[in-house]
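> Take this structure, written in structure tokens, and hold onto it; I'll ask about it next.
Any read-out appearing in this document is the output of simple, stated calculations on the displayed coordinates, not a laboratory observation. Model, not experiment: these values are computed from the prediction. Neighbour counts run over all protein chains shown; Cβ positions are idealised from the backbone, glycine included.
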Amino acid sequence: MDIIRVLRAWEEVEGKMAALYKQYGQWFQHDAEAGDLFNRISMQETAHRNGISFEIKMESQNRGSFGEVDVELEPIAQFAATVNRAQTPPRPPSLEEAVRLALKLEQQAAAEHFCALLTRQSNAGVEALVKSMHNMRAANHAHLAELKSFAARRGFLPPASEAVATPAPPAE
């Protein structure tokens, strides 16, 4: 598959994530900490989208520097559809629902970030793009940590000391 198709799909997802978090920032502006959290993450997602836009421009100018890449677009499209649904809920979510969804999205984005798909490519032209993807993946992990911390402070998640595994039932 052409790398530009993959990058455009990725760019779209980052833009949708930025818009969702901006929407959450507006919905929860009455709560300064929550509004600031979502607005900050929205700006970072916008920066990710802009970085991908730059990669698209670079590849467009250097057509052929990448070979075909082995990437399935369906998981990316499914993720984008999930974000779309989050942007058009039947009713605005509670803060806890929004934070839980953001945690789920960031976990999926961090796990599914497309760097793993492209790092397998043997094409030397991929190196700069892979570095960029790893940086964005690290940023997603930072978003996840920030959201988890916020959720724990607000009582949406158990404190780390309480988040222990359930003991196994006694042996008979």
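> Need pairs with beta-carbon distance below 7 Å; first residue assigned to a helix (DSSP H, G or I) and within segment 83-100, second of a type in the set (Ser, Thr, Tyr); sequence gap 6+ or separate chains.
Sorted first by the residue in segment 83-100, then by its partner, the pairs are Ala98/Tyr24.
> Follow-up. Hey, can you tell me all the residues within segment 23-66 that are acidic (Asp, Glu), part of a helix (DSSP H, G or I) and more than 15 Å from the chain's Cα centre (by Cα)?
Glu33, Asp36, Glu55, Glu59
Conditions (1) of a type in the set (Ser, Thr, Tyr); (2) touching a residue at least 12 places away in the same chain (Cβ under 8 Å); (3) loosely packed, with under 14 Cβ neighbours inside 10 Å, marked per residue:
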site	(1), (2), (3)
Ile4	no, yes, no
Leu20	no, yes, no
Gly25	no, yes, no
Gly35	no, no, no
Phe38	no, yes, no
Gly51	no, yes, no
Lys57	no, no, yes
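> Now for a different question. Evaluate the following for Gln61: is it loosely packed, with under 14 Cβ neighbours inside 10 Å, of a type outside the set (Gly, Ala, Ser) and closer than 20 Å to Leu144 by Cβ?
No: the conditions fail for Gln61.
> Right, another one. Select from segment 79-101 the residues that are under 16 Å from Gly155 (Cβ atoms) and either in contact with a His (Cβ under 9 Å, 6 or more places away or on another chain) or charged (D, E, K, R) (or both) and list them in ascending order.
The answer is Glu96, Glu97, Arg100.
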